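Okay, structure first, notes after.
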Amino acid sequence: MQTTRRMGPGLRLLLLLIVLVVATAGVLSLFGWGPSPKVDLRAGAPGIGQRTPLSVTVRESARGLAGVRVVLTQNGKDEVLAQESFAPRPLWKVWGERTPERKLDLEVGKKKQTWLANGEAVIRVEAARAGGMLRHPGPVVQELKLPVRVFPPALNLLSTQTYAAQGGSEAVVYHVEPAAVRHGVEAGKYFFPGAPLPGRDGEFFVIFGIPWDMETPDTIKLFAQDALGNEARLGFVERWTPRPVGKADIRLNDPFLQKVVPEIASHRPEVGSTDDLLAAYLKINGDLRRKNDQELLELGAKSRPEFLWNQAFLPFPSGQVMERFAARRTYFYGDKEVDHQTHLGFDLASTQHAPVPAANRGVVMLAGYFGIYGNTVILDHGYGLMSLYAHLSSIDVKEGQTVERGQRVGVSGATGLAGGDHLHFATLIRGLPVTPVEWWDPHWIQDRIARKLGGALPFGRQGGAAPAAPTPAAATAGAPAPAASAAPQ
């Protein structure tokens, strides 16, 4: 006798729910019903300029997307930036393959759409979701209106007689449209930002440096850029003076390596092992030197926007020049050539442990051990102009302190990459070393800087002329006995 097992109420309810779900999904699929796609459209700038990035994200998680179309429109002209179609899920499937989201990274601007003109443009996104057999819903449309500015901000040169010299300094005064968000002077790979000229409304100025290795002035330009990436450049150098670069051979020996390598490594852990003194020295002379160069550029960016000085810069008293600015050095260990570097400062020798005066009024930016330079003081004189005093045996000032012209900042010594007592002195603009000889000369400052800036720089209102600049040791008579030979730095 066969028994029939009846389905329990719980199982019947479960089967009914399954049937209802499948039926509902089938109806939705058949008629293409479902939520509208969500569109997220964003521009990477407040308008369209030379290159403006666009981010487009479209989502529809139920049936999935059927297509996406992005169009740029201005003055009746359309350009399709992107257009894609996606295969919908088969009607008999309630799960499985679909495209629930699509992200597009696009770019618009004058570089790609040369027909763009100043005015307004519209970015339009059309997003369609998958339809059904009986119904195909229209696309969701979202628009973004953006201003278009494809012409660079206007630059007007106001100063004249820009006489640039290789490794030197100069100044320029100019006017730029308010739309510019970044402006100043480009000199090769270096950038010197402009600042409002005190007392002259709407005018800007830059005191800038010329790299020691720049052979022509072709890349020295006034520069302006607006928020949309439009850029203007203007050449302004009227006269160019190349300068010969000196050469020097440096002989390394074991006593020197034993002196400088462990000392520097104890202050800079990145030097690493000193088991091989020559290898460690070459790392210091190369990698650490470049790191110090970068640190100087970073300090230069923090210079105060004010003139902290008003007189010519003081040279090191009775200092004999042991090495001039921008000397290209070849290093030898024994008979082997092991390295090449450029010495970007003046090595000045006087008596051992000679007092070192501040070259001009300024604020102490750094007072401590500074890599290859050993014990170092760096003064900020404002608007990017800085002075550096290196290899000191002791330091007499603290960071943040204001010092006066001629005030003692330390005592000469032989710390860092120095084998004998001397002062390594450098003048820097925004961290770029330039020759200090110009800044020791009050006539040069008056002609090249103060005249252009007018009353904004109260130059020469205190004191008299600066002492004579240092002279080469061979041409100096009656000077105090120099310190031990200034060894490599």
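The values are calculated or read from the model by the stated rules, or taken from the named source; none is laboratory data. Computed from a predicted structure; not experimentally measured. Cβ: placed from backbone, ideal geometry, glycine included. Neighbour counts: every protein chain shown.
Specify which of the listed residues (Ala301, Ala326, Ala359) is out of contact with any strand residue (DSSP E or B) (no Cβ under 7 Å at 6 or more places or on another chain) and hydrophobic (A, V, I, L, M, F, W, C). Full working, then the answer.
Details: Ala326 fails: out of contact with any strand residue (DSSP E or B) (no Cβ under 7 Å at 6 or more places or on another chain); Ala359 fails: out of contact with any strand residue (DSSP E or B) (no Cβ under 7 Å at 6 or more places or on another chain).
Step by step, each of Ala301, Ala326, Ala359 is checked, and only Ala301 is out of contact with any strand residue (DSSP E or B) (no Cβ under 7 Å at 6 or more places or on another chain) and hydrophobic (A, V, I, L, M, F, W, C).
Grab the strands (runs of 3 or more DSSP E) fully contained in segment 115-205, keeping just those with 3 or more residues being more than 30 Å from Ile445 (Cβ to Cβ). Give the steps one after another, and end with the answer.
Values: elements: 119-129, 140-148, 155-157, 163-165, 169-176, 180-187, 190-193.
Those strands (runs of 3 or more DSSP E) span 119-129, 140-148.
When Glu126 is evaluated against the numbered criteria (1) modelled with pLDDT under 95; (2) crowded, with 16+ Cβ neighbours inside 10 Å; (3) over 38 Å from the mean Cα position of the chain (by Cα); (4) not small (Gly, Ala, Ser), which criterion, by number, is the only one it fails?
Here Glu126 clears every test but (1).
I need every pair where a residue in segment 380-391 that is part of a strand (DSSP E or B) has its Cβ under 6 Å from the Cβ of a residue that is among the charged types (D, E, K, R), sequence separation at least 6 or different chains.
Once the first residue is part of a strand (DSSP E or B) and sits in segment 380-391, its partners that are among the charged types (D, E, K, R) give Asp380/Arg304; Gly382/Arg304; Gly382/Glu306; Met386/Asp380.
Hey, among the residues in segment 269-301 that are hydroxyl-bearing (Ser, Thr, Tyr) and surrounded by 14 or more Cβ atoms within 10 Å (Cβ to Cβ), which one's farthest from Gly345 (Cα to Cα)?
So the first thing to find is which residues in segment 269-301 are hydroxyl-bearing (Ser, Thr, Tyr), and the list is 273-274, 281.
Retained after the next criterion (residues that are surrounded by 14 or more Cβ atoms within 10 Å (Cβ to Cβ)): 274, 281.
Details: Thr274: 27, Tyr281: 20 Å.
The residue in question is Thr274.
If we keep just the residues of segment 220-247 that are among the β-branched types (Val, Ile, Thr) and in a loop (DSSP other than H, G, I, E, B), which is surrounded by the most Cβ atoms within 10 Å (Cβ to Cβ)? Don't jump to the end; show me each part of the working.
First pass over segment 220-247, keeping only residues among the β-branched types (Val, Ile, Thr): 220, 237, 241, 245.
From what's left, in a loop (DSSP other than H, G, I, E, B): 237, 245.
Numbers: Val237: 17, Val245: 15.
So the residue we want is Val237.
Return the residues of segment 386-407 that are of a type in the set (A, V, I, L, M), under 23 Å from Gly460 (Cα atoms) and touching a Ser or Thr at 6+ places or on another chain (Cβ under 7 Å); say none if nothing qualifies. Please lay out each step first, then the result.
Initially, segment 386-407 is screened for residues of a type in the set (A, V, I, L, M), giving 386, 388, 390, 392, 395, 397, 403.
Checking which are under 23 Å from Gly460 (Cα atoms) leaves us with 386, 388, 403.
Of everything in segment 386-407, those that are of a type in the set (A, V, I, L, M), under 23 Å from Gly460 (Cα atoms) and touching a Ser or Thr at 6+ places or on another chain (Cβ under 7 Å) turn out to be Met386, Leu388.
From the set of residues in segment 417-446 that are touching a residue at least 60 places away in the same chain (Cβ under 8 Å) and in a helix (DSSP H, G or I), which is nearest to Gly199 (Cα to Cα)?
Residues of segment 417-446 touching a residue at least 60 places away in the same chain (Cβ under 8 Å): 417-442, 445.
Narrowing the set further to residues that are in a helix (DSSP H, G or I) leaves 438-440, 442, 445.
Details: Glu438: 26, Trp439: 24, Trp440: 27, Pro442: 23, Ile445: 20 Å.
Only one residue tops the list, namely Ile445.
Go through Pro198, Pro193 for me and flag whichever is modelled with pLDDT under 95, surrounded by fewer than 22 Cβ atoms within 10 Å (Cβ to Cβ) and closer than 21 Å to Leu453 by Cα. Step through it out loud before you land on a result.
Details: Pro193 fails: modelled with pLDDT under 95.
Answer to the check: Pro198.
Does Asp441 satisfy being within 30 Å of Pro242 (Cα to Cα) and surrounded by fewer than 20 Cβ atoms within 10 Å (Cβ to Cβ)?
On the way: within 30 Å of Pro242 (Cα to Cα): yes; surrounded by fewer than 20 Cβ atoms within 10 Å (Cβ to Cβ): yes.
Here the answer is yes, as Asp441 does meet what is asked.
Those residues that are over 12 Å from Leu155 (Cβ atoms) and charged (D, E, K, R), I need them from segment 166-185; list them, please.
Hits for segment 166-185 are Glu170, Arg182.
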